[in-house]
Amino acid sequence: MKKFFRCLAVAVLGMAFALPAAHSAEAAKMAVVPLVMNTEVEDPQGLKPIVYSEAVNKIFKYPQYDRADSDAVKKAALAQQDKLFTKEGLSAVCDATGSEIALAMSIDKFDWKEEAQTSNSPTTVCDFRGKFAVYNKITGKFKIDHWVDNATFETGALSPRYDWAHNELARYFRNLLREV
C-alpha cells in the first residue's frame, strides 16, 4: 500500500510540472509603429515619443505580446508613408515584419494654454489631436480613430515642475491603447 501511494504522489507531481508547460500559448507578434508627429507639433525635449512608448509598454506586456524588430517596423512604415493609417498600409507593415497586429498613432496638434479665470486659480486647457489605427491580421479587423483630448485642469496649486500636459497625454494614450 505504501508503494501505491508513493507512485500516486510521483504521478501527481509529474502532472503538476507537465500541465503548465503543455498549456502555454504563443504570444501574438505585434508591430508598433513609432509615434508619427505632424511637422507643426513642437517637441524640443523629445518627450512625446517617450510618453507613447511607455504607454505601449505598460499595456502590451511580453508574455501575451511579442514585439517585432523596431528597425524593420520603421522601414516598413516609411515605405507606407501616405497610406500608413489605412488597412492596406498596416497590412503591409504586418507582412513586412511577420506580425499579426500592427498599431500606429500620430499627433497632429499639441497645444495647451493657461487661462486666468475669475476665481483665484488659473486653469490649463489642452487641445491634443491625432489619429490612432490598429489592424489585426488574424481577424481582419481594422480600426481608425481621430482622437481629441481637450481636458481642462486647475493648475493654481501645482508645482511649476509638474508637467501636466505630458501626463495628460500619457493618460489619454493608455486609455486609447486599453480599448485595443
Worksheet, complete the sentence: Diffing the range 168-180: the Karplus 3J(HN,Hα) column from phi (6.51, -1.76, 1.60, θ = phi - 60°), in whole Hz with x for Gly and Pro, holds 5, 4, 5, 4, 5, 4, 4, 5, 5, 5, 5, 5, 5
Worksheet item: What full-extension length gain, to one decimal in nm, is calculated for S91 and A28 as 0.36 nm per residue of separation minus the Cα-Cα distance?
Response: 21.2 nm
Item to complete: Identify the trypsin sites (Lys or Arg not before Pro) of the range 29-102 meeting these criteria: DSSP loop state and at most 10 other C-beta atoms within 10 Å of the C-beta.
Response: K61
Worksheet item: When only DSSP loop residues count, what chymotrypsin sites (Phe, Trp or Tyr not before Pro) in the range 50-105 have their Cβ near at most 10 other Cβ atoms within 10 Å?
Response: none
Response to the item:
Heavy-atom accessible area with a 1.4 angstrom probe orders W112, W147, most exposed first, as W112, W147
Response to the item:
If R0 = 30 Å, then D127 and I50, at their Cβ-Cβ distance, give a FRET efficiency to the nearest 0.05 of 0.90
Fill in: Solvent-accessible surface ranking, highest first, for M37, M1, M30 at 1.4 angstrom
M1, M37, M30
Response to the item:
Using a 1.4 Å probe on heavy atoms of the protein chains only, the accessible area for L47 in Å², nearest 10, reads 50 Å²
Item to complete: Name the residues whose placed amide hydrogens come within less than 5 Å of the amide hydrogen of A68, ignoring near sequence neighbours (fewer than 5 apart) on the same chain.
Response: M30, A31, V32
Discussion item. How long are the semi-axes of the equivalent ellipsoid of the range 25-92, taking √(5λ) for every eigenvalue λ of the Cα gyration tensor, in whole Å from largest down?
Written reply: 22, 18, 9
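The values are calculated or read from the model by the stated rules, or taken from the named source; none is laboratory data. No experiment lies behind these values; they were computed from the predicted model shown. Ideal geometry is used to build each Cβ from the backbone, glycine not excepted, and the neighbour counts take in all protein chains shown. These accessible areas exclude ligands, DNA and RNA; they are computed on the full protein's heavy atoms, side chains included. Shrake-Rupley method; radii C 1.70, N 1.55, O 1.52, S 1.80 Å.
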